[in-house]
Amino acid sequence: MGDNIKRIKFYFVIFCVLICFPVVRSTNTSTVCYGAPGARCTTHKLSCISPLVIQIINTSYGYRSGCNSNGIADCTDTTCCKEKPGDCFQQFSSDENRQVVRNCSEVETCTVPRFREVNGRECGGTISAYSKIQYSCVSKGILDF
């Protein structure tokens, strides 16, 4: 009888850990270029494997000296769209961040069109070359806002 109670307690603890606490995978990052609307490299595509859902962690613009003030025409050369050491970052505006959180939280997949910051005050007043969204995949209903 005592072994059965121990076994039940053990399974109850395992159940609570799996159900009551978020199942968080590693942080995922989506980085896209600024460029022609509709180009595949200019739209964020966030996704989680069911039953996990998206939780937005951070949204920012990436700046690099000498990178595209006009954006890219197509997705053949995305050199300026890939994060490198020394890049400067500035957070999305609160309205843009709210839009991403509203559209992408607690769903398995989400697309976010390009955003463009044209006055990177914290990055020398330059124009952003890319945008970056960091997110985790968590159990539905256990999001921290």
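Readers should treat all values here as calculations from the given coordinates under stated rules, not as data from a laboratory. Just so it is clear, the model here is predicted, and its values are computed rather than measured.
3J(HN,Hα) couplings calculated from phi for the stretch 33-39 with the Karplus curve 6.51 cos²θ - 1.76 cosθ + 1.60 (θ = phi - 60°) are, in sequence order, 7, 8, x, 4, x, x, 5 Hz; Gly and Pro show x. Proximity of backbone amide H atoms, modeled 1.01 Å from N, is registered between residue 140 and 53 at under 5 Å, excluding neighbours fewer than 5 places apart on the same chain. In order along the stretch 87-103, the Karplus-derived 3J(HN,Hα) couplings, from 6.51 cos²θ - 1.76 cosθ + 1.60 at θ = phi - 60°, round to 5, 9, 10, 9, 5, 4, 4, 4, 5, 5, 4, 4, 4, 5, 4, 4, 7 Hz, and Gly and Pro are given as x. The radius of gyration of the Cα set in the stretch 33-145, together with its Dmax, comes out at 14.5, 43 angstrom.
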